[in-house]
Every structure is written in C-alpha cells, then in structure tokens.
1. Examine the range 209-220 for a residue that is touching a Leu at 6+ places or on another chain (Cβ under 9 Å), under 16 Å from Tyr306 (Cβ atoms) and surrounded by 21 or more Cβ atoms within 10 Å (Cβ to Cβ), and state whether such a residue exists.
2. Of the numbered conditions (1) of a type in the set (A, V, I, L, M); (2) farther than 23 Å from Gly40 by Cα; (3) without any contact (Cβ under 8 Å) to a residue 60 or more places away in the chain, Ala148 satisfies every one except a single condition; which is it?
3. Taking the range 47-62, which residues are touching a strand residue (DSSP E or B) at 6+ places or on another chain (Cβ under 6 Å), within 22 Å of Phe241 (Cβ to Cβ) and in contact (Cβ under 8 Å) with a residue 24 or more places away in the chain?
4. How many residues are among the hydrophobic types (A, V, I, L, M, F, W, C), surrounded by 14 or more Cβ atoms within 10 Å (Cβ to Cβ) and over 17 Å from the mean Cα position of the chain (by Cα) when one looks only at the range 66-111?
5. Looking at (1) surrounded by fewer than 17 Cβ atoms within 10 Å (Cβ to Cβ); (2) in contact (Cβ under 8 Å) with a residue 24 or more places away in the chain, which is the one condition that is false for Arg278?
6. If I go through the range 50-91 residue by residue, how many of them are more than 14 Å from the ligand (Cβ to nearest atom), under 22 Å from His196 (Cβ atoms) and among the acidic types (Asp, Glu)?
7. Any chance the range 138-154 includes a residue that's among the aromatic types (Phe, Trp, Tyr), away from the ligand (no atom under 16 Å from the Cβ), under 28 Å from Ala64 (Cβ atoms) and surrounded by 23 or more Cβ atoms within 10 Å (Cβ to Cβ)?
8. Just give me the residues in the range 96-108 being within 15 Å of Asp332 (Cα to Cα) and without any contact (Cβ under 8 Å) to a residue 24 or more places away in the chain, in sequence order.
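The values are calculated or read from the model by the stated rules, or taken from the named source; none is laboratory data. Keep in mind that what you see is a predicted model, and the values were worked out from it rather than measured. Please note: Cβ atoms are built from the backbone with ideal geometry, for glycine as well, and neighbour counts cover all protein chains shown.
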Amino acid sequence: MLLEPDSTAGACASRALHWPVANGQAGYRIVNRLQAGAAGELLRLKNGLLASRAHVDPKYFYDAAGCALFNSICVQPEYYLTRTEAKIFARHGAEIARHLPAGVQWIDLGCGDGQKSKSWIATVDASRYLGVDIAPEALERALRQIAAHFPALDCAGVLSDFSQMLSIADIIAERPQATPVMFYPGSSLGNFAAPHAFALLKSFRENVGSHGFLLIGVDLVKDARVLEAAYDDAQGVTAAFNRNVLRVVNRLLDADFDPRRFAHWAGFDRQASRIEMRLRSTLDQWVRIGSDARKFRAGESILTEYSHKYTVDGFADLLSKAGFARQRVWTDEAGWFGVFLASG
Ligand code: AVI
C-alpha cells in the first residue's frame, strides 16, 4: 500500500492512497477523501450521547456485525424497499439505459459490496467504475469483485463520508469522454436530515456537471403500518441492528452501554415524513461514556436514525431545486418506491 499526499485535495486534509491490487492484468487505485480528524468525529459522537436529546449518527450502524444485520434486514418480508427497487430495476433497466449515452463512468455511491451495480455495468456498457464508500475493506472487496467480473473495465475507488460533502469532480474529469452517472440506490439519501440531504443532492449535481446524470432510488410515503413494520420486523433483525450500534459506541468511546437495557422503537412521523428509530432505556440507569457518565431515565431514548419518505412530486421538486433540470421517474405498481433519473 502506498500513501502519497493528495495534491488535488487542497486545504482539506485528505490523502490519496494509491493502492494497486493484483487483479489479473489490471490494478486499481483507491483515493482517500475522508477528512482527517478522527478525534473530532469521536468527540461529536460522545457529545451526541451526552446531549439532553441523545443521538447517534446512523453511519455508526455499519461495523461488520451491523453490515451483516443490514443484509439480513434487506431480505425480511416486512422490508419491501430492497426487493421493490430491484423489481423496478429489472422491469425498467433497459429503458433507463436507453436514456444514457454509451461508455459512461458509473459512480457507485455507498457501493458496499458493489453487487447492485453489476447488472447495470453490463446494461449501460460502462467504460469506468468508480466505487465510493466510507469503509475501506468493503470498497476494496467491491473493486476486486467488479474488476474480476469485468476485466476490461477501468476501476477506481474513493473513500468518502457522506456525512460530509462529496468532492470527486477532479477524479470524474480524468475521463472527459465518459459521461458521469451517479448511482445512489436503496433510499440511502433518506437517512440524512432534510437540509443535509438537499446539500448532498446539490453536491452530486456539482460533481457530475450539466451533462451528467443521477440515478437514485427513494422510498415513498405510504400507510404508516407498512412503514413501521418495515422498521420493526417480526424476527427482530432490525431491533438487533439498532441495538448493535451501542456495541460500536462501547468500542469507540470506551463506554459501557448494555444493549439489553435498551428497547428498539420505530415510528412514522407523518409531519416530518420520516421513520424515526430510537433506543429506549428500559429502566433508570447510569452509563459510562469514556471519562463521563450520564443518566438515562426509564423511557428516555437515543435517536439512532431518520429514514425519510418522499412523494414523487416532492422529490422531483427537490431534484430541480438541487439543479437537476430534467428528470424521469419509474415506480412499482403500488407506488411504494421511486427510481429517478435526473440530469441537466
Ligand atoms: C440504509 N437505509 C436506506 C436503511 C433505511 O431503510 O433507512 C437503513 C435501515 N434502518 C433500518 N432498517 C434499514
């Protein structure tokens, strides 16, 4: 592994990590655009837990156990999002691809294991794959698999944290002939607070420019019972996923949360149009958080996640306000999930 200063990153204290990996004939590089300052991140996490309305950024869900639990959530009968989006892709993928020029650079935002992109790369006949993720191991695995599957494809990765803004215009500009298409499936945008989600959309638009595209999947508003069941499945997988964040916090902050003393809770706030997930203290308890301690009263909760739900018109409006002048949308028959292709 070779660490070099990133001359393109300017004042932001990020580093480029040119990481050639043996991969048959080809190699690929991973550019690190994570902001330096782990200490500041940990302080934010701790302050969130010490705040009178305790909260944790949902990015802390995804350690190895959290990723495995999330994969399991995706196949729970109540969690319709993943399979509904997959059906829309299967039914309309060829039509969506016809709206894109040949040889695009496919930019997989929050790529995870890269599986969702595999069929798209073939369908759109991409010339380049850019995986973007916060987790180096997942990113490396995704790149290895994509490169093995498509040996002729130009592959690269970017380490980036969407709780900060995205800044990859310079990497996109390395291939001026290849139109950039950002792919952000799974309604992941919904996990950001509304102002942050809007800022992220604007940064996507700035990064792809007026000739690029954004292909994004978002969950749509529906009956509260359907939504709440999706975030509180009968098998208790979402509950385990939610409680697991306390184990992550214990490791990162040297805290002593006992996940058994917190109950999973998920509810739909129609006014804010979002699911809120919380961990409710089941009794009065003191918890040590590093060198500090705080009391949680019985019933007091830690906010762990928002998952916003959109209307087709509302999301189209958001896209145009973010600078995407042209858009198309595909939904499933029940109108539960929307896939938007935006450009301009
Ligand atoms: C990753 N994200 C889109 C999921 C969601 O539906 O908001 C995370 C999740 N939380 C609980 N279940 C799934």
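1. yes
2. Ala148 satisfies all of (1) of a type in the set (A, V, I, L, M); (2) farther than 23 Å from Gly40 by Cα; (3) without any contact (Cβ under 8 Å) to a residue 60 or more places away in the chain except (3).
3. Leu49, Ala54, His55, Val56, Pro58
4. Of the residues in the range 66-111, 6 are among the hydrophobic types (A, V, I, L, M, F, W, C), surrounded by 14 or more Cβ atoms within 10 Å (Cβ to Cβ) and over 17 Å from the mean Cα position of the chain (by Cα).
5. Here Arg278 meets the rest and fails (1).
6. Matching residues across the range 50-91 total 0.
7. no
8. none
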